[in-house]
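Q: Starting off with a structure, shown below.
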Amino acid sequence: MEIRSHRILPVSLLQSMRKHLYTILLLSSISFTQAQSRKPPVIDMHLHALRANDHGHGITYIGTPFRDLGLTDPKNNYRDVFDKAMATHAWADKYVASPVSDDSMKYLTLKALEDNNVYAVTSGEYDLVRDWKKAAPGRIINSAYWNFGSLKDGVTVDSLEKLFRSGEFKVFGEIAIQYEGFTASDSAFEPFLAMAERLDIPVGIHVGNGPPGAPYCGAEHYRAKLHSALTLEDALLKHPRLRVYAMHAGWPMLDDMLATLYAHPQLYVDLAAICYFIPTKEFYFYLQRLVNAGFGKRILFGSDNMLWPGTIKIGIDNINNAPFLSAEQKRDILFNNAARFLRLTPKEIQRMQ
(Lines give C-alpha, C1' and ligand atoms only; values in the text may rest on other atoms or scores of the structure.)
Protein backbone atom coordinates (compact mmCIF):
# COMPACT_ATOMS: atom_id res chain seq x y z
CA MET A 1 0.00 0.00 0.00
CA GLU A 2 1.32 3.39 -1.05
CA ILE A 3 1.06 6.36 1.26
CA ARG A 4 1.27 9.76 -0.45
CA SER A 5 2.58 12.74 1.48
CA HIS A 6 0.34 15.87 1.57
CA ARG A 7 1.78 19.17 0.58
CA ILE A 8 1.43 21.84 3.27
CA LEU A 9 -0.13 25.06 1.92
CA PRO A 10 1.38 28.39 2.88
CA VAL A 11 -0.38 30.26 5.69
CA SER A 12 -1.03 33.27 3.43
CA LEU A 13 -2.80 31.08 0.88
CA LEU A 14 -4.96 29.45 3.57
CA GLN A 15 -5.95 32.87 4.85
CA SER A 16 -6.81 34.00 1.33
CA MET A 17 -8.93 30.89 0.75
CA ARG A 18 -10.76 31.41 4.04
CA LYS A 19 -11.42 35.03 3.10
CA HIS A 20 -12.88 34.05 -0.28
CA LEU A 21 -14.94 31.29 1.32
CA TYR A 22 -16.30 33.76 3.85
CA THR A 23 -17.23 36.14 1.02
CA ILE A 24 -19.03 33.37 -0.86
CA LEU A 25 -20.93 32.33 2.24
CA LEU A 26 -21.82 35.96 3.02
CA LEU A 27 -23.13 36.60 -0.48
CA SER A 28 -25.08 33.34 -0.37
CA SER A 29 -26.54 34.37 2.97
CA ILE A 30 -27.54 37.78 1.61
CA SER A 31 -29.16 36.20 -1.46
CA PHE A 32 -31.02 33.73 0.75
CA THR A 33 -32.15 36.52 3.08
CA GLN A 34 -33.34 38.64 0.16
CA ALA A 35 -35.25 35.68 -1.22
CA GLN A 36 -36.76 35.01 2.18
CA SER A 37 -37.65 38.68 2.78
CA ARG A 38 -39.11 39.30 -0.69
CA LYS A 39 -42.57 40.72 -0.15
CA PRO A 40 -45.55 38.66 -1.29
CA PRO A 41 -47.04 39.95 -4.55
CA VAL A 42 -49.73 42.61 -4.64
CA ILE A 43 -52.05 43.51 -7.51
CA ASP A 44 -53.01 47.19 -7.60
CA MET A 45 -56.20 47.41 -9.66
CA HIS A 46 -56.20 51.21 -9.82
CA LEU A 47 -53.03 53.12 -10.73
CA HIS A 48 -52.62 56.19 -12.93
CA ALA A 49 -49.77 57.12 -15.23
CA LEU A 50 -49.61 60.92 -15.01
CA ARG A 51 -47.23 63.81 -15.48
CA ALA A 52 -46.09 65.89 -12.54
CA ASN A 53 -48.22 68.91 -13.49
CA ASP A 54 -51.36 67.09 -14.59
CA HIS A 55 -53.24 68.47 -11.58
CA GLY A 56 -51.65 71.92 -11.52
CA HIS A 57 -48.17 73.33 -11.11
CA GLY A 58 -45.91 72.89 -8.14
CA ILE A 59 -45.74 70.35 -5.34
CA THR A 60 -49.06 69.13 -3.96
CA TYR A 61 -49.79 67.11 -0.84
CA ILE A 62 -52.26 64.29 -0.27
CA GLY A 63 -53.50 63.53 3.22
CA THR A 64 -52.72 60.02 4.48
CA PRO A 65 -55.33 60.43 5.79
CA PHE A 66 -56.89 63.85 5.62
CA ARG A 67 -58.00 65.24 8.96
CA ASP A 68 -60.63 67.56 7.41
CA LEU A 69 -62.50 66.92 4.17
CA GLY A 70 -63.53 70.10 2.40
CA LEU A 71 -63.50 72.61 5.23
CA THR A 72 -64.50 76.04 3.92
CA ASP A 73 -66.56 79.18 4.49
CA PRO A 74 -69.05 79.71 1.64
CA LYS A 75 -67.96 83.33 1.27
CA ASN A 76 -64.73 81.98 -0.25
CA ASN A 77 -64.14 80.47 -3.67
CA TYR A 78 -63.87 76.79 -2.80
CA ARG A 79 -61.53 75.96 -5.68
CA ASP A 80 -59.01 78.45 -4.29
CA VAL A 81 -59.47 77.02 -0.79
CA PHE A 82 -58.96 73.47 -2.06
CA ASP A 83 -55.89 74.34 -4.13
CA LYS A 84 -54.35 76.11 -1.13
CA ALA A 85 -55.06 73.11 1.11
CA MET A 86 -53.38 70.77 -1.38
CA ALA A 87 -50.39 73.10 -1.68
CA THR A 88 -49.88 73.49 2.07
CA HIS A 89 -51.26 70.20 3.52
CA ALA A 90 -53.54 72.37 5.67
CA TRP A 91 -56.15 69.61 6.10
CA ALA A 92 -53.74 66.82 7.00
CA ASP A 93 -51.43 65.93 9.86
CA LYS A 94 -49.89 63.12 7.78
CA TYR A 95 -49.30 63.57 4.08
CA VAL A 96 -47.25 62.63 1.02
CA ALA A 97 -45.74 65.16 -1.39
CA SER A 98 -45.81 64.85 -5.16
CA PRO A 99 -42.62 64.57 -7.26
CA VAL A 100 -41.48 67.69 -9.09
CA SER A 101 -40.81 66.34 -12.61
CA ASP A 102 -42.24 63.85 -15.08
CA ASP A 103 -39.12 61.71 -14.88
CA SER A 104 -39.20 61.56 -11.10
CA MET A 105 -42.93 60.79 -11.20
CA LYS A 106 -42.32 57.76 -13.38
CA TYR A 107 -39.18 56.65 -11.55
CA LEU A 108 -40.64 56.94 -8.04
CA THR A 109 -43.90 55.23 -9.00
CA LEU A 110 -42.16 52.32 -10.69
CA LYS A 111 -39.73 52.08 -7.77
CA ALA A 112 -42.69 51.91 -5.35
CA LEU A 113 -44.09 49.04 -7.43
CA GLU A 114 -40.76 47.21 -7.39
CA ASP A 115 -40.06 47.82 -3.69
CA ASN A 116 -43.49 46.52 -2.68
CA ASN A 117 -43.70 43.76 -5.33
CA VAL A 118 -46.77 45.33 -6.92
CA TYR A 119 -48.27 44.60 -10.34
CA ALA A 120 -50.45 47.54 -11.35
CA VAL A 121 -53.44 47.94 -13.65
CA THR A 122 -52.43 51.34 -15.01
CA SER A 123 -54.51 53.89 -16.90
CA GLY A 124 -53.91 57.36 -18.22
CA GLU A 125 -52.96 58.95 -21.51
CA TYR A 126 -52.46 55.90 -23.72
CA ASP A 127 -48.99 56.79 -24.99
CA LEU A 128 -47.86 57.55 -21.44
CA VAL A 129 -49.14 54.15 -20.27
CA ARG A 130 -47.16 52.60 -23.13
CA ASP A 131 -44.06 54.49 -22.02
CA TRP A 132 -44.40 53.27 -18.43
CA LYS A 133 -45.02 49.73 -19.68
CA LYS A 134 -41.83 49.90 -21.72
CA ALA A 135 -39.91 51.03 -18.64
CA ALA A 136 -41.38 48.28 -16.42
CA PRO A 137 -42.83 45.58 -18.68
CA GLY A 138 -43.25 43.12 -15.83
CA ARG A 139 -45.06 45.53 -13.52
CA ILE A 140 -47.56 47.45 -15.67
CA ILE A 141 -50.86 46.02 -16.92
CA ASN A 142 -52.19 48.42 -19.57
CA SER A 143 -55.68 49.79 -18.92
CA ALA A 144 -57.72 52.20 -21.04
CA TYR A 145 -58.95 55.32 -19.25
CA TRP A 146 -62.19 56.67 -20.72
CA ASN A 147 -64.92 59.28 -20.32
CA PHE A 148 -67.26 60.91 -22.82
CA GLY A 149 -64.69 63.61 -23.38
CA SER A 150 -62.52 60.89 -24.94
CA LEU A 151 -64.86 60.85 -27.94
CA LYS A 152 -63.44 64.23 -28.94
CA ASP A 153 -60.02 62.55 -29.17
CA GLY A 154 -61.40 59.80 -31.38
CA VAL A 155 -61.52 57.09 -28.70
CA THR A 156 -64.68 55.32 -29.86
CA VAL A 157 -66.14 51.86 -29.41
CA ASP A 158 -64.43 50.74 -32.62
CA SER A 159 -61.01 52.16 -31.72
CA LEU A 160 -61.18 50.61 -28.25
CA GLU A 161 -62.18 47.26 -29.69
CA LYS A 162 -59.09 47.30 -31.90
CA LEU A 163 -56.96 48.24 -28.89
CA PHE A 164 -58.28 45.35 -26.82
CA ARG A 165 -58.17 42.84 -29.67
CA SER A 166 -54.50 43.66 -30.15
CA GLY A 167 -53.84 42.38 -26.63
CA GLU A 168 -51.82 45.48 -25.75
CA PHE A 169 -54.49 46.78 -23.34
CA LYS A 170 -56.06 44.31 -20.92
CA VAL A 171 -58.55 46.32 -18.82
CA PHE A 172 -61.19 48.97 -19.62
CA GLY A 173 -60.99 51.61 -16.91
CA GLU A 174 -60.91 53.88 -15.20
CA ILE A 175 -64.36 54.71 -16.56
CA ALA A 176 -64.67 58.23 -15.12
CA ILE A 177 -68.11 59.19 -16.43
CA GLN A 178 -69.41 59.90 -12.92
CA TYR A 179 -67.54 63.22 -13.14
CA GLU A 180 -69.64 64.07 -16.21
CA GLY A 181 -72.95 63.21 -14.54
CA PHE A 182 -73.38 59.81 -16.23
CA THR A 183 -73.74 56.32 -14.81
CA ALA A 184 -72.78 52.99 -16.33
CA SER A 185 -76.50 52.27 -16.82
CA ASP A 186 -77.06 55.30 -19.07
CA SER A 187 -77.98 54.33 -22.62
CA ALA A 188 -75.15 56.46 -24.04
CA PHE A 189 -72.62 54.13 -22.44
CA GLU A 190 -74.38 50.93 -23.49
CA PRO A 191 -72.32 50.25 -26.67
CA PHE A 192 -69.10 50.32 -24.63
CA LEU A 193 -70.37 47.76 -22.14
CA ALA A 194 -71.60 45.53 -24.97
CA MET A 195 -68.13 45.67 -26.54
CA ALA A 196 -66.41 44.83 -23.24
CA GLU A 197 -68.75 41.91 -22.60
CA ARG A 198 -68.30 40.58 -26.13
CA LEU A 199 -64.49 40.68 -25.80
CA ASP A 200 -64.50 39.58 -22.13
CA ILE A 201 -62.57 42.68 -21.06
CA PRO A 202 -62.74 43.55 -17.33
CA VAL A 203 -64.22 46.96 -16.59
CA GLY A 204 -63.39 49.34 -13.72
CA ILE A 205 -66.02 52.03 -13.13
CA HIS A 206 -65.65 55.06 -10.83
CA VAL A 207 -68.44 54.70 -8.25
CA GLY A 208 -67.62 56.73 -5.17
CA ASN A 209 -65.51 59.59 -3.98
CA GLY A 210 -63.64 62.08 -6.07
CA PRO A 211 -61.88 65.05 -4.49
CA PRO A 212 -63.87 66.68 -1.68
CA GLY A 213 -66.08 69.37 -3.18
CA ALA A 214 -65.72 67.98 -6.71
CA PRO A 215 -68.64 70.01 -8.22
CA TYR A 216 -66.85 73.19 -7.15
CA CYS A 217 -63.43 72.09 -8.47
CA GLY A 218 -64.27 71.91 -12.16
CA ALA A 219 -66.47 68.78 -12.27
CA GLU A 220 -69.72 70.73 -12.49
CA HIS A 221 -71.82 67.65 -13.35
CA TYR A 222 -70.47 65.52 -10.50
CA ARG A 223 -73.24 64.52 -8.08
CA ALA A 224 -73.13 62.84 -4.68
CA LYS A 225 -76.06 60.57 -5.57
CA LEU A 226 -73.87 58.94 -8.23
CA HIS A 227 -71.73 57.45 -5.44
CA SER A 228 -74.44 54.82 -5.16
CA ALA A 229 -73.59 51.36 -6.50
CA LEU A 230 -77.28 51.02 -7.35
CA THR A 231 -76.49 53.05 -10.46
CA LEU A 232 -74.74 49.94 -11.80
CA GLU A 233 -77.74 47.67 -11.49
CA ASP A 234 -79.36 48.03 -14.93
CA ALA A 235 -75.99 47.65 -16.63
CA LEU A 236 -75.20 44.49 -14.65
CA LEU A 237 -78.57 42.95 -15.48
CA LYS A 238 -78.22 43.75 -19.17
CA HIS A 239 -74.66 42.36 -19.30
CA PRO A 240 -74.56 39.44 -16.84
CA ARG A 241 -71.29 38.04 -18.25
CA LEU A 242 -69.43 41.31 -17.84
CA ARG A 243 -66.58 41.49 -15.33
CA VAL A 244 -67.07 44.75 -13.39
CA TYR A 245 -65.45 46.25 -10.35
CA ALA A 246 -66.78 49.36 -8.64
CA MET A 247 -63.87 51.65 -7.90
CA HIS A 248 -63.73 53.21 -4.43
CA ALA A 249 -66.29 50.61 -3.27
CA GLY A 250 -69.07 53.18 -3.55
CA TRP A 251 -67.86 55.07 -0.47
CA PRO A 252 -69.61 56.37 1.54
CA MET A 253 -72.89 54.73 0.45
CA LEU A 254 -72.20 51.47 2.23
CA ASP A 255 -75.72 50.04 2.37
CA ASP A 256 -76.20 50.63 -1.37
CA MET A 257 -72.89 48.87 -2.00
CA LEU A 258 -73.82 45.90 0.18
CA ALA A 259 -77.22 45.57 -1.49
CA THR A 260 -75.68 45.67 -4.97
CA LEU A 261 -73.01 43.11 -4.09
CA TYR A 262 -75.68 40.84 -2.62
CA ALA A 263 -77.94 41.08 -5.67
CA HIS A 264 -75.15 40.75 -8.25
CA PRO A 265 -72.59 38.05 -7.31
CA GLN A 266 -70.37 38.87 -10.31
CA LEU A 267 -69.58 42.38 -9.01
CA TYR A 268 -66.28 43.23 -7.29
CA VAL A 269 -65.08 46.42 -5.57
CA ASP A 270 -61.72 48.10 -5.16
CA LEU A 271 -60.51 50.09 -2.15
CA ALA A 272 -58.77 52.79 -4.17
CA ALA A 273 -58.07 56.05 -2.34
CA ILE A 274 -60.25 55.19 0.65
CA CYS A 275 -57.48 52.88 1.90
CA TYR A 276 -55.41 55.95 2.87
CA PHE A 277 -57.30 59.14 1.95
CA ILE A 278 -60.24 59.08 4.40
CA PRO A 279 -59.72 58.80 8.18
CA THR A 280 -58.40 55.33 8.98
CA LYS A 281 -61.14 54.61 11.52
CA GLU A 282 -63.77 55.26 8.84
CA PHE A 283 -61.92 53.12 6.29
CA TYR A 284 -61.68 50.22 8.73
CA PHE A 285 -65.38 50.56 9.59
CA TYR A 286 -66.29 50.44 5.89
CA LEU A 287 -63.95 47.56 5.07
CA GLN A 288 -65.01 45.51 8.09
CA ARG A 289 -68.66 45.84 7.12
CA LEU A 290 -67.89 44.60 3.60
CA VAL A 291 -66.02 41.61 5.01
CA ASN A 292 -68.53 40.89 7.78
CA ALA A 293 -71.32 40.88 5.21
CA GLY A 294 -69.60 38.01 3.40
CA PHE A 295 -67.94 39.79 0.48
CA GLY A 296 -64.27 39.30 1.41
CA LYS A 297 -63.62 37.28 -1.77
CA ARG A 298 -64.73 40.18 -3.99
CA ILE A 299 -62.63 43.01 -2.56
CA LEU A 300 -59.63 44.22 -4.56
CA PHE A 301 -56.73 46.39 -3.53
CA GLY A 302 -56.33 49.65 -5.41
CA SER A 303 -54.19 52.66 -4.58
CA ASP A 304 -55.63 55.21 -7.02
CA ASN A 305 -52.13 56.66 -6.97
CA MET A 306 -52.05 59.73 -9.16
CA LEU A 307 -49.24 62.07 -8.11
CA TRP A 308 -48.11 60.59 -4.80
CA PRO A 309 -46.19 57.27 -5.17
CA GLY A 310 -45.77 56.97 -1.41
CA THR A 311 -49.48 56.24 -1.06
CA ILE A 312 -49.04 52.78 -2.60
CA LYS A 313 -47.17 51.42 0.41
CA ILE A 314 -49.45 53.23 2.87
CA GLY A 315 -52.51 51.62 1.32
CA ILE A 316 -50.92 48.16 1.44
CA ASP A 317 -49.83 48.67 5.05
CA ASN A 318 -53.34 49.71 6.06
CA ILE A 319 -54.66 46.41 4.72
CA ASN A 320 -51.93 44.39 6.40
CA ASN A 321 -52.44 46.24 9.70
CA ALA A 322 -56.22 45.83 9.79
CA PRO A 323 -56.79 44.03 13.13
CA PHE A 324 -60.04 42.37 12.03
CA LEU A 325 -58.62 40.68 8.91
CA SER A 326 -57.13 37.19 8.97
CA ALA A 327 -53.91 36.45 7.09
CA GLU A 328 -55.97 34.71 4.41
CA GLN A 329 -58.31 37.67 4.03
CA LYS A 330 -55.37 40.07 3.65
CA ARG A 331 -53.85 37.95 0.89
CA ASP A 332 -57.24 37.70 -0.81
CA ILE A 333 -57.62 41.48 -0.88
CA LEU A 334 -54.04 42.19 -1.88
CA PHE A 335 -53.63 39.47 -4.50
CA ASN A 336 -55.84 36.39 -4.74
CA ASN A 337 -59.12 38.09 -5.56
CA ALA A 338 -57.57 40.18 -8.34
CA ALA A 339 -55.79 37.15 -9.80
CA ARG A 340 -59.16 35.39 -10.00
CA PHE A 341 -60.97 38.46 -11.36
CA LEU A 342 -58.34 39.03 -14.06
CA ARG A 343 -58.29 35.28 -14.83
CA LEU A 344 -54.53 35.06 -14.53
CA THR A 345 -53.11 31.71 -15.55
CA PRO A 346 -51.15 29.54 -13.08
CA LYS A 347 -48.03 30.42 -15.06
CA GLU A 348 -48.70 34.17 -14.72
CA ILE A 349 -49.34 33.81 -11.00
CA GLN A 350 -46.18 31.78 -10.53
CA ARG A 351 -44.17 34.45 -12.34
CA MET A 352 -45.53 37.08 -9.94
CA GLN A 353 -44.68 34.94 -6.92
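Q: I'd like the trypsin sites (Lys or Arg not before Pro) in the range 190-272 restricted to DSSP loop residues with at most 15 other Cβ atoms within 10 Å, sorted by number. Display every interim value, and only then the final one.
A: Details: sites: 198, 223, 225, 238, 241, 243; in loops: 223, 241, 243.
Hits after loop and neighbour filter: 223, 241.
Q: A follow-up question, please. Taking only protein heavy atoms and a 1.4 Å probe, what accessible area per residue, in Å², does the range 230-353 have with all protein chains in place?
A: Numbers: 5140 Å² over 124 residues.
Averaged over the residues of the range 230-353, the accessible area is 41 Å².
Q: To the nearest whole percent, what portion of all C-alpha pairs in the range 80-147 is separated by more than 19 angstrom? List each step's numbers first, then the result.
A: On the way: 1082 of 2278 pairs.
Cα-Cα pairs in the range 80-147 separated by more than 19 Å: 47 percent.
Q: Let me ask something else. Test of understanding: in a Gaussian network model of the chain with alpha carbons linked when under 10 Å, which of 151, 160, 290 would top the mean-square fluctuation ranking?
A: Between 151, 160, 290, it is 151 that shows the largest mean-square fluctuation.
Q: Using a probe of 1.4 angstrom, how much of the accessible area of the range 147-302 is carbon and sulfur, in percent?
A: Working: 3450 of 6290 Å².
Heavy-atom surface of the range 147-302 belonging to carbon and sulfur, 1.4 Å probe: 55 percent.
Q: While we're on this one: HN-Hα J couplings of the range 318-323 from phi, Karplus 6.51/-1.76/1.60, θ = phi - 60°, integer Hz, Gly and Pro as x?
A: Listing the rounded values in order: 5, 6, 5, 8, 5, x Hz.
Q: I've got another one for you. Could you compute how fast the range 109-178 diffuses translationally, taking Rh as the Kirkwood radius over C-alpha pairs and applying Stokes-Einstein at 25 °C with viscosity 0.890 mPa s? Give it in µm² per second. Let's see the in-between values first.
A: On the way: Rh = 12.7 Å.
Taking Rh from Cα pairs, D becomes 194 µm²/s.
Q: Rounded, prolate or oblate, given the Cα gyration tensor of the range 217-353, with a/c below 1.5 counting as rounded?
A: Details: a/c = 1.43, a/b = 1.12, b/c = 1.27.
It is rounded, given that a/c, with a ≥ b ≥ c, falls under 1.5.
Q: Just to be sure I understand: if I project the alpha-carbon convex hull of the chain onto a plane and average over all orientations, what area do I get in nm²?
A: 26.3
Q: In square angstrom, what is the accessible area per residue of the range 33-149 with a 1.4 angstrom probe?
A: Working: 5830 Å² over 117 residues.
The answer is 50 Å² per residue.
Q: Still on this model: If the limit is 29 Å between Cα atoms, which of 75/313; 84/170; 75/225; 111/162; 162/238; 133/162 go over it? Display every interim value, and only then the final one.
A: On the way: 75/313 38 Å; 84/170 37 Å; 75/225 25 Å; 111/162 31 Å; 162/238 23 Å; 133/162 19 Å.
Beyond 29 Å between Cα atoms: 75/313; 84/170; 111/162.
Q: Can you tell me the orientation of helix 254-263 relative to the chain, as the angle in degrees between its alpha-carbon axis and the longest Cα principal axis, to the nearest 10?
A: 80
Q: Roughly speaking, what is the stretch gain from residue 259 to residue 78, that is 0.36 nm per residue apart minus the C-alpha to C-alpha distance, in nm to one decimal?
A: On the way: separation 181, 0.36 × 181 = 65.16 nm, distance 3.40 nm.
Fully extending the segment from residue 259 to residue 78 adds 61.8 nm.
Q: Okay, moving on. Which percent of the accessible area of the range 71-125 is formed by carbon and sulfur heavy atoms (probe 1.4 angstrom)? Present the calculation step by step, with values, prior to reporting the outcome.
A: Values: 1580 of 3000 Å².
For the range 71-125, the apolar C and S fraction of the accessible surface comes to 53 percent.
Q: Can you find, among 276, 246, 262, the residue sitting farthest towards the positive end of the charge dipole of the range 199-300, where Lys and Arg contribute +1 and Asp and Glu -1 at Cβ?
A: 262
Q: Separate question: What dipole magnitude, in Debye to the nearest 20, does the chain give about its Cα centre under +1 on Lys/Arg Cβ and -1 on Asp/Glu Cβ? All intermediate terms of the calculation are to be shown ahead of the outcome.
A: On the way: 39 positive and 37 negative charges, 348 e Å.
Here the size comes out at about 1680 debye.
Q: In what sequence, highest mean first, do 53-60, 229-236 appear when ranked by Cβ atoms within 10 angstrom?
A: Numbers: 53-60: 14.1, 229-236: 20.5.
So the order, starting with the most tightly packed, is 229-236, 53-60.
Q: Taking a ≥ b ≥ c as the square roots of the eigenvalues of the Cα gyration tensor of the range 178-246, is the shape rounded (a/c under 1.5), prolate (a/b larger than b/c) or oblate?
A: Numbers: a/c = 2.32, a/b = 2.24, b/c = 1.03.
Cα axes put the range 178-246 in the prolate bin.
Q: Please identify every one of the trypsin sites (Lys or Arg not before Pro) in the range 58-99 that sits in a loop by DSSP and has no more than 15 other beta carbons within 10 Å of its own beta carbon.
A: Numbers: sites: 67, 75, 79, 84, 94; in loops: 67, 75, 94.
When the trypsin sites (Lys or Arg not before Pro) of the range 58-99 are filtered for loop state and at most 15 Cβ neighbours within 10 Å, 67, 75, 94 remain.
Q: Let me understand the range 47-165 better: what is its radius of gyration from the alpha carbons, and its Dmax, in angstrom?
A: Rg, Dmax (Cα atoms, Å): 17.2, 52.
Q: Ok, one more. Under 10 Å, Cα contacts only: if you run a Gaussian network model on the chain, which one of 291, 207, 171 comes out with the highest mean-square fluctuation?
A: Fluctuation is largest for 291.
Q: Quick one: which residues, 5 or more positions from residue 119 or on another chain, have an amide H under 5 Å from its amide H? H modelled 1.01 Å from N in the peptide plane, none for Pro or chain starts.
A: HN-HN under 5 Å from residue 119: 42, 43, 44.
Q: In addition: With runs of 4+ DSSP H residues as the only contributors, calculate the mean residue ellipticity of the chain at 222 nm using -39,500 (n - 2.57) per run, divided by the residue total and rounded to the nearest 500. Write out the running numbers ahead of the final one.
A: Details: 13 runs with 138 residues, N = 353.
Mean residue ellipticity, 222 nm, calculated: -11500 deg cm²/dmol.
Q: If you line up the long axis of helix 280-292 against the longest principal axis of the chain, both from Cα atoms, how many degrees apart are they, to the nearest 10?
A: The angle comes out near 90 degrees.
The values are calculated or read from the model by the stated rules, or taken from the named source; none is laboratory data. Source: prediction; values computed, not measured. Virtual Cβ from ideal backbone geometry, glycine too; neighbours counted across all protein chains shown. When the accessible area is computed, the model is the full protein with side chains, heavy atoms only, and any ligands, DNA or RNA have been set aside. Shrake-Rupley method; radii C 1.70, N 1.55, O 1.52, S 1.80 Å.
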